[in-house]
Amino acid sequence: MKAVKLAPSILAADFARLGEQVVEAEQAGADRIHVDVMDGHFVPNLSMGPAIVDSLRRVTHLPLEVHLMISDPDLYLDEFAAAGADSFVVHWEGNNNLHRTVQRVRALGKRAGVAINPATPAMALEEIVHDVDLVLVMTVNPGFGHQHFIQTTVAKVRRVSELIARFNPACDLEVDGGIDATTTPLVVRAGATVLVAGSAIFGEPEGVTAAIARLQAAIRQREEQHEPAEQSAL
Ligand code: DX5
Ligand code: ZN
């Protein structure tokens with residue numbers, strides 16, 4: 001079983017203390033930083049651009065993962081790569097040339113991921129999963145933080161996990177939206193290997209370090225609960 005990684009989403013951070021909060025997340029054991037980019041067109045919200053990636057690059061050694069919720073992602077890849085992005089997650093929806101986009105990410109020497117929205121079937125990934133390092137199953141509709149986790153996505157995470165096992169076992173399976181200590185065991189059990197969390201990390205009154213510890217405990221809880229069953233099945 002792959003170790004489950006945590007990717008704090010800075011969308012929920014206090015932007016006046018962004019550097020400080022990212023450093024705290026790194027020290028608390030975060031594995032990568034998730035940067036949500038929105039253009040007010042692909043999703044009904046605006047967020048951040050390459051300048052944020054450039055600033056973060058100077059305060060953390062963690063990989064910076066850029067989730068592009070924008071139309072025409074190809075137009076911005078170079079700029080984000082120059083700013084210090086390590087990986088890109090682009091959407092399956094609305095991209096007539098997804099394979100080309102993925103190849104462009106690869107040509108920049110970056111890791112490539114493809115995201116699917118809640119209404120997009122797992123099978124949509126079948127012809128692209130070979131070419132990517134990561135698949136992201138959205139567990140809310142993209143565009144906003146702090147939304148309710150969509151329960152029906154758990155079964156889809158499981159289907160995507162099976163697809164990955166069959167076609168590209170090295171590929172990561174990421175989930176994004178409504179991930180907290182309650183939903184973590186559900187998605188990890190379904191096969192998620194990277195958990196994006198915004199409000200459950202940066203929106204917790206107890207602080208970033210305690211919030212990360214709580215999510216890590218939720219990951220372990222799943223592992224402890226299911227290890228014996230998996231062993232007896234062998
Ligand atoms: C939503 C973004 C998410 C968001 C998750 O469109 O892609 O990364 O920050 O926020 P939470 O964890 O608060 O649901
Ligand atoms: Zn995201």
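The values are calculated or read from the model by the stated rules, or taken from the named source; none is laboratory data. Everything numeric in this text was worked out from a predicted model, so none of it was measured. Cβ atoms come from the backbone with ideal geometry, glycine included; neighbour counts cover every protein chain shown.
Per-structure values
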{"read-out": "Region 29-57, residues that are surrounded by 13 or more Cβ atoms within 10 Å (Cβ to Cβ), in contact with a Gly (Cβ under 9 Å, 6 or more places away or on another chain) and aliphatic (A, V, I, L, M)", "value": "37, 38, 43, 53, 56"}
{"read-out": "Region 102-115 - residue that is out of contact with any Lys or Arg (no Cβ under 8 Å at 6 or more places or on another chain) and β-branched (Val, Ile, Thr) and, of those, farthest from residue 143 (Cα to Cα)", "value": "102"}
{"read-out": "Test result for residue 175, in a strand (DSSP E or B), crowded, with 21+ Cβ neighbours inside 10 Å and either of a type in the set (Val, Ile, Thr) or modelled with pLDDT under 95 (or both)", "value": "yes"}
{"read-out": "Options 82, 30, 51, 107: the member that is modelled with pLDDT of 95 or more, aliphatic (A, V, I, L, M), out of contact with any Phe, Trp or Tyr (no Cβ under 7 Å at 6 or more places or on another chain) and within 16 Å of ligand 2 (Cβ to nearest atom)", "value": "30"}
{"read-out": "Residue count for region 178-191, restricted to those that are closer than 23 Å to residue 87 by Cβ and either in a loop (DSSP other than H, G, I, E, B) or touching a Phe, Trp or Tyr at 6+ places or on another chain (Cβ under 9 Å) (or both)", "value": "4"}
{"read-out": "Residue count, region 144-167 (criterion: assigned to a loop (DSSP other than H, G, I, E, B) and crowded, with 20+ Cβ neighbours inside 10 Å)", "value": "1"}
